[in-house]
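Quick notes on the structure that follows.
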């Protein structure tokens with residue numbers, strides 16, 4: 001057995017997502033389990049260096065999680081041949097510049113989404129990586145959620161028959177910051193800082209829909225800024241310039257209709273913060289982050305519309321729970337392991353920078369649909385293009 005040590009430059013790891021999901025629950029967890037096992041018996045052992053702008057945060061993280069190295073000098077790290085992979089979980093406005101530098105330094109790229117502030121810039125990154133011959137990937141974590149894996153199991157089994165429609169409900173109430181502290185950072189609500197629920201969430205909806213149901217071919221979207229003012233982390237009142245809710249309809253390549261509501265100004269009366277209902281000719285399912293329930297056509301109740309008498313059907317009791325049937329690990333960790341196998345062992349990894357650009361494309365077209373109050377077609381993307389034709 002050989003240990004294949006793989007150096008990773010982790011930039012932006014002091015942020016909430018970078019610390020919790022990518023460092024602690026992914027890279028640290030992989031190191032603690034003894035690395036990533038390959039079929040040959042060899043083991044990939046990630047060797048991270050933490051990079052950022054705050055020395056105190058970096059040194060504290062490194063000490064807490066037994067990471068030997070950290071740095072505030074990205075250029076120096078990129079020049080070090082011991083590190084083959086560059087990972088970026090910075091805010092979106094900083095990401096593209098540093099990913100471009102890493103590509104030019106010959107590093108393989110793995111990064112959060114959105115990959116850039118615009119489709120043109122996202123496509124340029126994909127093209128640069130392809131021309132440089134570096135492997136690349138984009139985090140698409142929701143594909144590995146237990147609820148969505150169970151949903152994929154149902155789709156692959158033919159449970160639904162012909163899928164007719166999908167309904168997605170996402171969101172929760174984010175406190176304004178006055179009498180209760182907000183659960184999200186204030187930049188999320190400023191368009192000038194890259195905020196907005198369309199930019200944030202439609203990148204997720206794109207890869208979820210493309211990978212589970214069919215590629216998105218058209219979008220109609222209405223956005224809203226329901227809460228006009230909020231209080232920031234320093235107790236200062238600020239004007240919200242970005243959308244905090246979006247009401248969208250997508251048409252997929254196979255004719256499936258998807259309705260998706262996304263909101264940070266909604267109170268939850270459903271099983272989870274995200275629920276996806278799929279209706280087909282043979283059955284239906286509702287998936288959350290971890291659970292999934294089904295109703296086959298033979299178990300479907302037969303309601304009759306009559307508002308003059310009390311309803312006697314307990315609709316929510318008519319569903320069956322899909323069993324786990326496997327152990328589900330953290331989705332970020334699963335995708336990190338797949339990417340490391342891609343780098344070291346050349347195993348397949350389909351979620352590259354081009355796939356990431358598709359998320360930015362959908363966000364841009366949804367914003368255009370809202371502004372122009374019309375349906376917008378979603379063209380196919382390829383490496384031959386720098387912008388939508």
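Helical runs assigned H by DSSP (4 residues or longer) give the chain a calculated mean residue ellipticity at 222 nm of -8500 deg cm²/dmol, each run adding -39500 (n - 2.57) before division by the residue total. Across the range 143-321, C-alpha contacts under 8 Å between residues 6 or more apart give a mean separation that, scaled by the residue count, equals a relative contact order of 30 percent. Mind pulling the angle between the C-alpha long axis of helix 146-157 and the longest principal axis of the chain? Nearest 10 degrees, somewhere in 0 to 90. Compared with the principal axis, the helix lies near 70 degrees. With respect to the chain, whose longest principal axis is taken over its alpha-carbon atoms, helix 197-212 is tilted by about 80°.
Taking other C-beta atoms within 10 angstrom as a stand-in for reagent exposure, 333, 130 fall in the order 130, 333, fewest first. Under the simplified labelling scheme, the residue 181-residue 300 pair shows an inter-label distance of 4.8 nm, with each label point 7 Å from Cα along Cα→Cβ. Averaging the Cα positions of each part gives two centres, and for the range 26-47 and the range 194-252 these lie 36 Å apart. Remark: spin-label model distance residue 40-residue 334 equals 2.6 nm, labels positioned 7 Å along the Cα→Cβ axis. As a length-normalised measure over Cα pairs under 8 Å and 6 or more apart, the relative contact order of the chain settles at 20 percent. When a/c is below 1.5 the answer is rounded, else prolate if a/b is larger than b/c, else oblate, so apply that to the range 143-321 with a ≥ b ≥ c taken from the square roots of the Cα gyration tensor eigenvalues. Judged from the Cα gyration tensor, the range 143-321 comes out prolate (a/c at least 1.5, a/b above b/c). Among 128, 164, the order by Cβ neighbours within 10 angstrom, fewest to most, reads 164, 128. To test your reading of the geometry: what angle, between 0 and 90 degrees and rounded to tens, separates the Cα axis of helix 353-372 from the longest principal axis of the chain? Its long axis makes an angle of about 50 degrees. Compute the Cα gyration tensor for the range 15-156, then decide on rounded, prolate or oblate, letting a ≥ b ≥ c be the square roots of its eigenvalues: rounded whenever a/c is under 1.5, prolate when a/b is larger than b/c in the other cases, and oblate in all that remain. Verdict is rounded for the range 15-156.
Where a ≥ b ≥ c are the square roots of the eigenvalues of the C-alpha gyration tensor, would you call the range 25-95 rounded, which needs a/c under 1.5, or, failing that, prolate if a/b is larger than b/c, or oblate? The shape class here is prolate. Counting every other Cβ atom within 10 Å of each residue's Cβ, 233, 176 order from fewest to most as 233, 176. From a point 7 Å beyond the Cα of residue 91 in the direction of its Cβ, which residues of the range 226-241 have a backbone N at a distance under 19 Å? Flagged as within label range: 229-241. Placing a pseudo-label 7 Å from each Cα along the Cα-to-Cβ vector at residue 104 and residue 321 gives an inter-label distance of 5.5 nm. The length gained on full extension between residue 267 and residue 54, counted as 0.36 nm times the residue separation minus their Cα-Cα distance, comes to 73.1 nm.
Read the figures in this text as sums done on the coordinates, not as results from a lab. Just so it is clear, the model here is predicted, and its values are computed rather than measured. As a convention, Cβ positions derive from the backbone with ideal geometry for all residues, glycine included, and neighbour counts pool all protein chains shown.
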